[in-house]
Structure formats: structure tokens, C-alpha cells
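Structure, as C-alpha cells:
The values are calculated or read from the model by the stated rules, or taken from the named source; none is laboratory data. Predicted model only: the values in this text are computed from it and were never measured. Note that we place each Cβ from the backbone using ideal geometry, even for glycine, and neighbour counts take in every protein chain shown. Side chains are part of the model used for accessible areas, which takes the heavy atoms of the whole protein and leaves out ligands, DNA and RNA. Shrake-Rupley method; radii C 1.70, N 1.55, O 1.52, S 1.80 Å.
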Amino acid sequence: YERNSFVYVEKNLVPPVYENADLFLEQSVRRAAELVEASRGRALVLLSTWKALKHFRDGFEELVDPYPVKFQGDESPSRLITWLKTTPGAVLVGTRTFWEGVDVPGEALSLVVIDKVPFPPPSDPVVKKLCEKAGSRWFSEVSLPRAQMSLQQGGGRLIRTHDDRGVIAILDSRISRKSWGRAVLACLPDGAPVTTSLGDVHAFFSENDEAA
């Protein structure tokens, strides 16, 4: 992971909280497009909500032209994964269906973009019950561990073999600002360098593509 991967953590977008929801969606589409441009496609964009997926459908494809884009729902998940594996420069955008079980080794997947830390929805009956049971410790005992596990699964789509190279990008600026940010980063690939600079991402892909 030290040599082959990089973790990019966004620091400039508005935090993805309720009052910023629409602005964050607009900003995340643009930032994801910039990252896809750096990676020359070859990307999996993992979104936390169906609303985000709809927003990406509305404007993302034209921003990443000429790289081909497909979205969750265009075809069955298995067909979409096969398409990602076999189509040069392909970009697949999906929600929770693709956070686990996607195995695309090699150059076909060189970038995983995650829109925000996947905390479980508080309205989920199971989560709600567990939070009530944990009382004041609901965040550290229920919410954070579940988010860490999901993030580990999502980030784990990137490096599938010893020769794989790529970047995990998280567009949630709260990681840089909140006390729980370090705990979130700790669940990502051990030893992978962390940066908040888009320039570092461009340099990583330039160097690795030249080496290849």
C-alpha cells in the first residue's frame, strides 16, 4: 500500500451535512470529475444515497467526456462490473450495491471515489434500537464502527492484487475537521500515504502511468 496506493482526503468542499446538502452534491460532482480526469477514467464512484446518484446522472457524464460512464440501474450489477473490467477508461457510478463484492484487478480500476463517510441512517430501525441501547455512547459504539466497516469495504475495491495501483479519494471534508477523522482514516489501507492536495493525485497518476 505504501508504494502502490494513495488516499486523497478533501478539505475544501462544504461538509456534507443537512444544511449544505444541495451545495455538497454540486461540488462533489465537479471534484469527482477532476479526479476522474487525473486517473484517465478507470474509476468507481461510490455514493451514499440515491439522491446523490440522481444528481450525478444529471451532470457528471458531460464533465468527464470522453471517458464512458454508466450508472447503477443502467444494467444488472454483474453486467456493469463486467463492463468496467473490459471497457478502456470506463467510469461506473453506484450506491451501496457496489461498496462490496466488486473485484476488478489491474488497471481497469485505478480510482475509487467515495462521496462521504457512510454513517448509517439514524432512521434505520436496527440502528435506532442499537443507538438507544448505547445511550450517550451511540456514536462511538454504533455509528462510527459501522461507518468504518463500510468505508473499509468501499476502499477495499481498489487494491485487489500485489501489482494494483491507484487512489482512494474521499470527498468528505469533515475528516480533516472532526475529532473522529483519524479513526476513519485508520480503517483505510495500512501504510497508504494520505494527502489533501489534488496536485499529489495528478503526480501519482503521471508517475505510475509513466512507470507502466
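Points worth noting:
- Among residues of the stretch 116-142, those that are in contact (Cβ under 8 Å) with a residue 24 or more places away in the chain and either more than 21 Å from Trp180 (Cβ to Cβ) or open to solvent by less than 10 Å² (accessible area, probe 1.4 Å) (or both), counted: 2
- Filter result (within 16 Å of Asp115 (Cβ to Cβ) and either part of a loop (DSSP other than H, G, I, E, B) or among the charged types (D, E, K, R) (or both)) within the stretch 1-11: Glu10, Lys11
- Cβ-Cβ contacts under 9 Å between residues 6 or more apart (or on different chains), taken from a first residue in the stretch 46-63 that is under 14 Å from Val91 (Cα atoms) and open to solvent by less than 60 Å² (accessible area, probe 1.4 Å) to a second residue that is among the aromatic types (Phe, Trp, Tyr) and not in a helix (DSSP H, G or I), are listed as Leu46/Trp99; Leu53/Phe71; Phe56/Phe71; Phe60/Phe71.
- Scanning the stretch 1-34 for residues being in contact with a strand residue (DSSP E or B) (Cβ under 8 Å, 6 or more places away or on another chain) and acidic (Asp, Glu) gives a total of 1.
- Answer residue from the stretch 187-199, given it is modelled with pLDDT of 90 or more and within 17 Å of the chain's Cα centre (by Cα) and is least open to solvent (accessible area, probe 1.4 Å) among those: Thr195
This table checks each residue for (1) within 22 Å of Asp163 (Cβ to Cβ); (2) out of contact with any helix residue (DSSP H, G or I) (no Cβ under 7 Å at 6 or more places or on another chain); (3) open to solvent by 50 Å² or more (accessible area, probe 1.4 Å).
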site	(1), (2), (3)
Asp22	no, yes, yes
Leu44	yes, no, no
Pro66	no, yes, yes
Phe71	no, no, no
Val102	yes, no, no
Ile114	no, no, no
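- Residue within the stretch 152-173 that is open to solvent by less than 60 Å² (accessible area, probe 1.4 Å), over 22 Å from Leu44 (Cβ atoms) and more than 15 Å from the chain's Cα centre (by Cα) present: no
- Taking the criterion of being part of a loop (DSSP other than H, G, I, E, B) and closer than 24 Å to Gln153 by Cβ, the residues of the stretch 12-64 that qualify are Leu13, Pro15, Pro16, Val17, Gly41, Arg42, Leu47, Ser48, Thr49.
- Listed by first and then second residue, the pairs with beta-carbon distance under 7 Å, at least 6 apart or on different chains, first residue in the stretch 176-196 and at negative phi and of a type in the set (A, V, I, L, M), second surrounded by fewer than 16 Cβ atoms within 10 Å (Cβ to Cβ) and at pLDDT 90 or above, are Leu185/Val194.
- Among the residues of the stretch 84-94, those identified as touching a Pro at 6+ places or on another chain (Cβ under 9 Å) and either closer than 19 Å to Ala32 by Cβ or surrounded by 20 or more Cβ atoms within 10 Å (Cβ to Cβ) (or both) are Thr87, Gly89, Ala90, Val91, Gly94.
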